[in-house]
Amino acid sequence: MEIAAVVLVVFLVAVAAVTFFVLKRALKMAVRAAIVALILLIAVVGGVSLWWFGASSSGSDKQPATIKKSR
């Protein structure tokens, strides 16, 4: 999961950079910076959540419990 977190952050940083340069002529600097900041915030929150919840999955490596049928 750590790889997925890093890939998500890198991808969204690239999206933020492309968005910044695409909106260069269309919007003023403050609006552009706000949009890029929002994308980067989503990247950081998504990356941290993937890292956090992905690291806690070590308990799933155990085999499932054997269930005996009653009949």
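At-a-glance table
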{"quantity": "Entry for Cα extents along the principal axes in Å (calculated from the structure that is shown) out of [x] 73, 23, 14; [y] 46, 39, 20; [z] 103, 13, 7", "calculated": "[x]"}
{"quantity": "Nearest-ten-degree value, helix 2-22 long axis tilted from longest Cα axis of the chain", "calculated": "20"}
{"quantity": "Full-extension gain in nm, Lys24 to Trp52, via 0.36 nm per residue minus C-alpha separation", "calculated": "6.6 nm"}
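Here, each number is a calculation from the coordinates, and none is a lab measurement. Bear in mind the structure is a predicted one, so any value in this text is a computation, not a measurement.
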